[in-house]
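Visitor: Pasting a structure below so you can have a look.
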Amino acid sequence: MKSIHKQLVEYGMDAHIADYVAVIIQILIIALLCIVANFITKKIFIRIINHYVKKTNFKWGNIILERKIFRKLSHIVPALIIYYFSSTFPSHQHWIVKGAITYIIIVVLTIIDSFLNAIDDIYRTYEISKIKPIKGYIQVVKIIVFIIGGIIIIAALMGESPVILLSGIGALSAVFMLIFKDSLLGLVAGIQLTANDMVRVGDWIEMPKYGADGDIIEISLNTVKVQNFDKTITTVPSYALISDSFKNWRAMQTSGGRRIKRPIFIDTNSITFCTEDMIEKFKNIHYLRDYIISKEREIEEYNTNHEINRNNKVNGRGMTNIGVFRAYITNYLKNHPGINQEMSQMVRQLEPTEHGLPLEVYAFSNDVRWVVYESVQSNIFDHLFAVAPEFGLRIFQNPTGYDFRNVLEENRFMKGDSTP
């Protein structure tokens, strides 16, 4: 700086003005050096590194490049130049050094942040990341790093040792626990969720309290993100999965079968004993022929052995249309290509209600995908609703306006009234 001042004075400039001009020139030179150094670092060295990483097809290179770790490193160079030339301004050297150190620490913190994000991105390329996510732990590390970084920055600005500030953290521990309450609860919950394998990325969970019904797309320190089936996102606190109840459908998805459990309601007035004509008709049904022949023989032997008079249908044993229909459904499910034959199957009667007799189908589809499952279930009940009248059965439903109109028309016809 003295040489610049001397040179300006030699050119005839006033010594007082030369002091200010020399300072401005010095600042411009340092700024120019910073710009040139930053340009050389980004445009030459960073490009060489990027080209080398892409050329060698380094497995994780693209992830590191996407996080711009090397680009952020280039910001340290101008700070080092400013730090080196701080002695040029003796009266302001103290504050320039503090500013440069603070800037370098901030850059280092952003680099560490990007590096930790890159670690998480690399880990997600492995299948184990869906079972054991580490994002929550990385966020804990970030919190610790930023706290330590903040303490070092404050210590650097105050000109004190960071150890002195760290010794005062004990007194502020209660405040920190209050500020980071959710993070601490989330950390403990994350450890429990991972250790007990309660949830994974990709699991379908239901949590009505929080309006969550869909697939988990992210597990972090404080929250679990669930993409609902309507494509909305629900954010659930991590600790809520420990303290509250939720349903995880993973076991169903991995079992190879999805449960079908639905009744059809039979009008009890349509239930009756089978006549000879009905039995002969049922013998022509593919899924019933062997059952009817076997059942007919069994009933005949029972009634003969017990010398039962069958002139009255109340006596002895006999087939009913509801029993035959139940046997038909059982055989139909056993031969259905969409039903998992290795899992439980049952057709059972539930307690009669004001809506009729519930005949429940209990089985498992052999495909757990939602669309396929609904298609299989719908096909089964489409068929059952259609074939029920073939057994002399009526499906129960509450009367509609159409039914009342038919009753009125029948009454008018019986009375001989042809008025519409």
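Visitor: Give me the net charge for the shell around Ala212: Cβ to Cβ below 12 angstrom, other residues only, Lys and Arg +1, Asp and Glu -1. All intermediate terms of the calculation are to be shown ahead of the outcome.
Guide: Details: positive: Lys209, Lys225, Lys247; negative: Asp203, Glu206, Asp213, Asp215, Asp230, Asp244.
Taking every Cβ under 12 Å from that of Ala212, the sum is -3.
Visitor: With loop defined by DSSP as not H, G, I, E or B, and exposure as at most 10 other Cβ atoms within 10 Å, which is the longest segment of the chain clear of exposed GluC sites (Glu not before Pro)?
Guide: On the way: sites that count: Glu127, Glu307, Glu342, Glu354.
With GluC sites (Glu not before Pro) excluded where exposed in loops, the chain gives 128-306 as its longest stretch.
Visitor: Within the range 249-266, which residues have the backbone N less than 19 Å from the label spot 7 Å out from Phe381 along Cα→beta-carbon, could you tell me?
Guide: In the range 249-266, the label zone of Phe381 (backbone N under 19 Å from the point 7 Å along Cα→Cβ) covers 258-266.
Visitor: Can you give the alpha-carbon Rg of the range 50-160 over 2.2 N^0.38 Å, where N counts its residues? It would help to have the intermediate numbers written out before the result.
Guide: Numbers: Rg = 18.0 Å, N = 111, 2.2 N^0.38 = 13.2 Å.
Taking the Cα Rg and dividing by 2.2 N^0.38 Å, one obtains 1.36.
Visitor: Each label point is 7 Å from the Cα along the Cα-to-Cβ direction; what then is the distance between the points at Ile48 and Arg405, in nm?
Guide: My value for the distance between the label points is 8.8 nm.
Visitor: Shifting gears a bit: Rounded to the nearest 0.05, what FRET efficiency do Glu342 and Ile96 give with R0 = 56 Å and r taken as the Cβ-Cβ distance? Could you check?
Guide: For R0 = 56 Å, the calculated efficiency reads 0.15.
Visitor: Please give every one of the aspartates and glutamates within straight-line cross-link reach of Lys135, meaning a C-alpha to C-alpha distance under 15 Å, and leave out same-chain neighbours fewer than 8 residues apart.
Guide: Here the aspartates and glutamates satisfying the reach criterion relative to Lys135 are Asp113, Asp120, Asp121, Glu127, Glu218.
Visitor: At 222 nm, what helix-only mean residue ellipticity would the chain give, in deg cm²/dmol to the nearest 500, using -39500 (n - 2.57) for each DSSP H run of four or more?
Guide: About -17500 deg cm²/dmol.
Visitor: At a Cα cut-off below 14 Å, give the aspartates and glutamates reachable from Lys261, other chains included and same-chain residues fewer than 8 away excluded.
Guide: Cα-Cα hits under 14 Å: Glu360, Glu374.
Visitor: Considering Cα pairs under 8 angstrom that are at least six residues apart, work out the relative contact order of the chain and quote it in whole percent. Don't jump to the answer; show the numbers that get you there.
Guide: Values: 465 pairs, mean separation 42.1, N = 420.
Once divided by the residue count of the chain, the mean separation gives 10 percent.
Visitor: Which is farthest toward the positive dipole end of the chain among Ile128, Ile205, Pro162, measuring Cα position about the Cα centre, with Cβ charges +1 (Lys, Arg) and -1 (Asp, Glu)?
Guide: Checking the options against the dipole of the chain, the answer is Pro162.
Visitor: If R₀ is 45 angstrom, what is the calculated FRET efficiency for the pair Ile35 and Asp215, using the beta carbon separation as r and rounding to 0.05?
Guide: With R0 = 45 Å, the Cβ-Cβ based efficiency is 0.40.
Visitor: Would you list, by chain and number, the lysines whose Cα falls below 23 Å from the Cα of Lys43, excluding same-chain residues fewer than 8 positions away?
Guide: Of all the lysines, those that pass the test against Lys43 - Cα under 23 Å, at least 8 places apart if same chain - are Lys54, Lys55, Lys68, Lys72.
Visitor: If you bin the C-alpha pair distances of the chain every 20 Å from 0, what whole percents do you get?
Guide: 16, 29, 22, 16, 11, 5, 1, 0
Visitor: Loop-only trypsin sites (Lys or Arg not before Pro) in the range 204-288, please: DSSP not H, G, I, E or B, and at most 10 other Cβ atoms within 10 Å.
Guide: Loop-located and lightly packed - Lys231.
Visitor: Pop out the carbon and sulfur fraction of the accessible area of the chain as a percent, whole number, probe 1.4 Å.
Guide: 60 percent
Visitor: Next up: Give the separation of the Cα centroids, the range 222-283 to the range 387-406, in Å.
Guide: Using only Cα atoms, the two centres lie 26 Å from each other.
Visitor: Using only Cα atoms and rounding to the nearest 10 degrees, what angle (0 to 90) does helix 135-158 make with the longest principal axis of the chain?
Guide: Here the helix axis deviates by roughly 20 degrees.
Visitor: While we're on this one: If you keep only loop residues by DSSP, which chymotrypsin sites (Phe, Trp or Tyr not before Pro) in the range 50-116 have at most 15 other Cβ atoms within 10 Å of their Cβ? Don't jump to the answer; show the numbers that get you there.
Guide: Details: sites: Tyr52, Phe58, Trp60, Phe70, Tyr83, Tyr84, Phe85, Trp95, Tyr103, Phe115; in loops: Phe58, Trp60.
Within the range 50-116, the qualifying chymotrypsin sites (Phe, Trp or Tyr not before Pro) (loop, at most 15 other Cβ atoms within 10 Å) are Phe58, Trp60.
Visitor: Provide the gained length on full extension for the span Glu160 to Ile143, in nm with one decimal, where the gain is 0.36 nm per separating residue minus the Cα-Cα distance.
Guide: Fully extending the segment from Glu160 to Ile143 adds 3.9 nm.
Visitor: Accessible area per residue for the chain in Å², computed with a 1.4 Å probe and the full protein assembly in place, what is it?
Guide: Solvent-accessible surface per residue comes out at 62 Å².
The values are calculated or read from the model by the stated rules, or taken from the named source; none is laboratory data. From a predicted model like this one, the values you see are computed outputs, not experimental measurements. So basically every Cβ, Gly included, is an ideal-geometry build from the backbone, and we count neighbours across all protein chains shown. For the accessible areas, the whole protein counts, side chains as well, though only heavy atoms, and no ligand, DNA or RNA atoms are used. Shrake-Rupley method; radii C 1.70, N 1.55, O 1.52, S 1.80 Å.
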